[in-house]
């Protein structure tokens, strides 16, 4: 299992709406995340800064599966007005943080 962490940023004025939308994540998106091998996915907020953590079986397969997910494409468009993220141009996914410590 691979542990993946990344950051995002809520655009000014979008904090409350970000929280509202994440109380209603679409079932099709959740199903696609699970089908892509994602589990233990959490997003933490401090003001407008977000830290996300997930575990995936195979990160390249996860990226490929989600790149073909219609629900993910619609979700990204839906979130674009309130979310800012810097994507790695080689993957289209936010830059993954380097793991420097892990206690098992």
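The values are calculated or read from the model by the stated rules, or taken from the named source; none is laboratory data. Quantities reported herein were computed from a predicted structural model and do not represent experimental measurements. Note that each Cβ is placed from the backbone with ideal geometry, even for glycine, and that neighbours are counted across all protein chains shown.
Computed quantities for the displayed model
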quantity: Residue that is nearest to the chain's Cα centre (by Cα), among those in segment 1-15 that are more than 20 Å from residue 101 (Cα to Cα) and part of a strand (DSSP E or B); calculated: 8
quantity: Test result for residue 71, surrounded by 14 or more Cβ atoms within 10 Å (Cβ to Cβ), modelled with pLDDT of 95 or more and assigned to a strand (DSSP E or B); calculated: no
quantity: Count of segment 1-12 residues which are farther than 18 Å from residue 75 by Cβ and either without any contact (Cβ under 8 Å) to a residue 60 or more places away in the chain or in contact with a helix residue (DSSP H, G or I) (Cβ under 7 Å, 6 or more places away or on another chain) (or both); calculated: 3
quantity: Check on residue 48, surrounded by 14 or more Cβ atoms within 10 Å (Cβ to Cβ), over 24 Å from residue 101 (Cα atoms), in contact (Cβ under 8 Å) with a residue 12 or more places away in the chain and more than 14 Å from the chain's Cα centre (by Cα); calculated: yes
quantity: Residue match in segment 23-31 (condition: under 26 Å from residue 101 (Cβ atoms), at pLDDT 95 or above and exposed (fewer than 12 other Cβ atoms within 10 Å of the Cβ)); calculated: no
quantity: Subset of segment 16-30 [in a helix (DSSP H, G or I), over 22 Å from residue 46 (Cβ atoms) and in contact (Cβ under 8 Å) with a residue 24 or more places away in the chain]; calculated: 28, 29
quantity: Residues of segment 32-45 classified as part of a strand (DSSP E or B) and either in contact (Cβ under 8 Å) with a residue 12 or more places away in the chain or surrounded by 14 or more Cβ atoms within 10 Å (Cβ to Cβ) (or both), total; calculated: 7
quantity: Residue under evaluation residue 60, criteria (1) under 13 Å from the mean Cα position of the chain (by Cα); (2) surrounded by fewer than 14 Cβ atoms within 10 Å (Cβ to Cβ); (3) under 17 Å from residue 92 (Cα atoms), criterion not met; calculated: (1)
